[in-house]
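One structure is given here, and the rest of the page talks about it.
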Amino acid sequence: MQQLVPQIDYNYQHLNVCNNAAWSAGELALKGGDEVIKPYVTPLLERLVPLLNNENTPLTLAENAAITIGRLGLVSPSVVAPNLEAFAQRWCVVLSSVKDNDEKSSAFQGMMTMISANPHGISKAFLLFCQAAVNWQTPDARLMEMFVQTFAGLKQMAGDEWEASIGMLDPQSRQLVKERFNA
């Protein structure tokens, strides 16, 4: 891991190396777990978040950065969740258009774990998160359960403001949030 982190270069001078390092960090997080990855989470976030938030970052690199951030949040939510507001908007935009797959699923599981730990961190990205959620075509049972739980928590937190909040979505997305996620 010590050799991997510096390969995630904000300037991505060696794009393929940077892209592979970003992807590998996410894989290592899932396989190694919190104890293995925790010392590297902050240095990884210091590199991945600027890559993700830079709209000039090549799309495949932005996607890998977003997926890895989500996976880090799944494995080490106590470290990543406090930073949610710093990347949530761009994270949702980037992953909204990625085809459903296992990598995206683990990233979304991480996002929802972070939202559970820091629900206010998603506030500015709430509508984008809703859109990214409804863009899922076939979430597996575990992911669907997490969506339902996450939306229930957000709805409870919003209280009387819930209808106004989801009312800002387009009618089709609003209907999908209600139907798919019981919110």
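The values are calculated or read from the model by the stated rules, or taken from the named source; none is laboratory data. If you're wondering where the values come from, they're calculated on a predicted model, not measured in any experiment. Quick reminder, even Gly has a Cβ in these numbers, built from the backbone with ideal geometry, and neighbours come from all protein chains shown. SASA here: full protein model, heavy atoms, side chains in, ligands and nucleic acids out. Shrake-Rupley method; radii C 1.70, N 1.55, O 1.52, S 1.80 Å.
Table for the structure above
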| read-out | value |
| --- | --- |
| Accessible area per residue in Å² at 1.4 Å probe, computed on the range 75-183 | 48 Å² |
| Mean Cα-pair separation over length for the range 127-183, i.e. relative contact order, pairs under 8 Å, 6 or more apart, % | 54 percent |
| Of the DSSP H helices in the chain, those whose Cα atoms cover at least 18 Å axially and whose Kyte score averages 1.0 or more | 59-75 |
| Length gained when the stretch Val17-Ala164 is fully extended (0.36 nm per residue, less Cα-Cα span) | 48.4 nm |
| Accessible area in the full protein assembly, largest first, 1.4 Å probe, for Thr60, Thr113 | Thr60, Thr113 |
| Solvent-accessible area of Leu74 with every protein chain in place, 1.4 Å probe, in Å² to the nearest 10 | 40 Å² |
| Protection proxy ranking, peptides 61-70, 6-15, 149-158, average beta carbon neighbours within 10 Å, highest first | 61-70, 149-158, 6-15 |
| Only Lys, Arg (+1) and Asp, Glu (-1) charged, at Cβ; the range 1-85 dipole about Cα centre in debye | 140 debye |
| Carbon + sulfur, % of accessible area of the chain - ligands and nucleic acids excluded, 1.4 Å | 50 percent |
| Cα centre as origin, Lys/Arg/Asp/Glu Cβ charges: the chain dipole, Debye | 40 debye |
| Options (1) 7, 17, 17, 18, 19, 13, 6, 3, 0; (2) 9, 31, 32, 19, 7, 0; (3) 10, 40, 34, 13, 3 - which one matches P(r) over Cα pairs in 10 Å bins from 0, in percent as calculated here | (3) |
